[in-house]
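What follows is a set of notes on a single structure, which appears directly below.
The values are calculated or read from the model by the stated rules, or taken from the named source; none is laboratory data. None of these values were measured; they are calculated from a predicted model. Neighbour counts run over all protein chains shown; Cβ positions are idealised from the backbone, glycine included. We work out accessible area using only protein heavy atoms, side chains counted, and drop any ligands, DNA or RNA first. Shrake-Rupley method; radii C 1.70, N 1.55, O 1.52, S 1.80 Å.
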Amino acid sequence: MATLLLLRHGRTTANADGGLAGRQPVELDDTGRAQATAVGERLRAVPLAAVVTSPLIRCRQTLELALPQAAPVVEDGLIECDYGSWEGQPLKKLAKEPLWPVVQQHPSAAVFPGGEAMAAMAARAVAAVRTWDARVTAEHGPEAVWLACSHGDVIKAIVADALGVHLDAFQRIVADPASVTAIRFTPLRPFLVRLNDTGGDLAALVPPPAKRRRRANRVADSDAAVGGGAGASR
């Protein structure tokens, strides 16, 4: 299957101020714009078969700076969680709400007042990337690499699914602004190839030619892999 790069948007004015942006049209600040430009330099060596994005302006601004030659396709399934009446409020204030510990410790049960359930957010985000991954693989082959620009909680939910862990564990995952996370779906199981990468060599994520990949994946794609999995010596 193709390789998915999950890019979180750069830092926003809300991130800097400690607020919960949600679906509000907050934009990148100076740091966020610099982050977007820097990740674009790292992505230059990666041939992208497709670029999709959350419809929110902070994601579109990130891609305009990082990948100015791309023509991103808007994917509504990648939009930020609808935090309802929590949107726009300081996190310090929200931390005093009775729902806050539920969001942190039992997010699968969290439903934001006037907004979305976190479980619903996770389900539609996972469905979106899996649908896109199958489409990219069918159109461009299993060596293709594609990119989706989205939001912290959305990316964390997708990573939790790839790891096969319950949504209640997703707060243990970190996705910093302008970070890149790589997931490779296979017929048997997904592989988390890179997590929260803010400075690594992204060219290394491009899969090798088909013949070499088939030899390498004889162990990696097997449910019977032992001794550490795909990278273990035999």
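Some observations on this one:
- For Pro190, the conditions (1) closer than 20 Å to Ala50 by Cβ; (2) open to solvent by less than 40 Å² (accessible area, probe 1.4 Å); (3) in contact (Cβ under 8 Å) with a residue 40 or more places away in the chain; (4) under 16 Å from the mean Cα position of the chain (by Cα) are fulfilled apart from (3).
- Selection status of Trp86, open to solvent by 30 Å² or more (accessible area, probe 1.4 Å), among the aromatic types (Phe, Trp, Tyr) and more than 22 Å from the chain's Cα centre (by Cα): no
- When Thr3, Thr31, Thr13 are checked against the criterion of being over 15 Å from Cys149 (Cβ atoms) and under 15 Å from the mean Cα position of the chain (by Cα), a single residue qualifies: Thr3.
- Residues located in region 65-92, provided they are more than 27 Å from Phe112 (Cβ to Cβ), touching a helix residue (DSSP H, G or I) at 6+ places or on another chain (Cβ under 8 Å) and not in a loop (DSSP other than H, G, I, E, B): Leu65, Ala66
- Looking across Val154, Val145, one residue alone is closer than 25 Å to Ala16 by Cα, open to solvent by less than 40 Å² (accessible area, probe 1.4 Å) and either more than 11 Å from the chain's Cα centre (by Cα) or at pLDDT 95 or above (or both). It is Val154.
- Checking each residue in region 1-51 for being in a loop (DSSP other than H, G, I, E, B) and open to solvent by less than 50 Å² (accessible area, probe 1.4 Å) picks out Ala2, His9, Gly10, Gly18, Leu20, Ala21, Gly22, Val26, Asp29, Val46.
- Residues located in region 150-168, provided they are in a helix (DSSP H, G or I), touching a helix residue (DSSP H, G or I) at 6+ places or on another chain (Cβ under 6 Å) and of a type outside the set (Val, Ile, Thr): Lys156, Ala157, Ala160, Asp161, Leu167, Asp168
- For region 133-147, the criterion of being in contact (Cβ under 8 Å) with a residue 60 or more places away in the chain and in contact with a Gly (Cβ under 6 Å, 6 or more places away or on another chain) is met by no residue.
- First in region 102-131 and hydroxyl-bearing (Ser, Thr, Tyr), second anywhere and surrounded by fewer than 19 Cβ atoms within 10 Å (Cβ to Cβ), Cβ under 6 Å, 6 or more apart: Ser108/Ala119; Ser108/Asp168
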